[in-house]
1. Hey, among Leu29, Leu8, Leu21, which residue is buried (at least 16 other Cβ atoms within 10 Å of the Cβ) and under 43 Å from the mean Cα position of the chain (by Cα)?
2. Please go through the stretch 81-95 and give me each residue that is in contact with a Lys or Arg (Cβ under 7 Å, 6 or more places away or on another chain) and either surrounded by 13 or more Cβ atoms within 10 Å (Cβ to Cβ) or not assigned by TED's automatic domain parsing to the domain that holds Ala27 (or both), ordered by number.
3. Go through (1) under 12 Å from Glu7 (Cβ atoms); (2) modelled with pLDDT of 95 or more for Ala45 and report which single condition fails.
Amino acid sequence: MPIVLVELPAAAAADSNAPALIAACSAGLRRGTCVTEEPASGERAAAVAIVAWLDSDHLRARIDVGRRAEQRAGWQVRELTFREQDAPLERWRSVGLAIAGVVGEATLLEPAKPVTVKSTKRELPASRARPPAPSSWRVALGPVFEHSLSTEPPSAGAWFDISRRLSSSLPLELSALASRSWSLAVTSGVNTSFSTLGLGFRGSAAVGEFSLRGRFWQLSRR
């Protein structure tokens, strides 16, 4: 059960009305109990209330309430003023009830909430947080233009490539290539044509800000 430690000056602690203050404080708490000394079991008080009478006639009282670990600047302070016709016993009881009221208002008997540190890490939008998974199949089509340094005439045509990625964890593709080209000049009355078929593997790897690509082909040409 939570404990509220009430600290009284030596003269006030010896007053015959002091037990009424402690009893009223405990009765006013929704949960917990008020004591003038922490138990010998070693259980620490959840809140501390320091009571001081500001005059010898016990007409003005000040209470400071807070957690032991907190700085006094953050504690709750209340001052009570009584009339001479108020019975001394009722004054002490009123101080006890005021302590319970401050403890309840400040929720000092509730466990301290941990401080949440807000992360400064910028979260990327869902569209940028993870790159889209590569497609299993890839198809490409493009033109062909060949011209050698020899006396052979240039040729033009088209190529077709289809590839399939073998694994999402490996940058390796199985690729098939087909191309067809025709000579742009007629030699000896014959328009020469070339056909190329290939099957092989293609791979790529990123090193720093550079991308390396390579492929191995098994080709046949006629």
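1. Leu29
2. Phe82
3. (2)
The values are calculated or read from the model by the stated rules, or taken from the named source; none is laboratory data. Small disclaimer: the values here were computed from a predicted structure and weren't measured. A quick note on method: Cβ atoms are made from the backbone with ideal geometry, for glycine too, and the neighbour counts reach across all protein chains shown.
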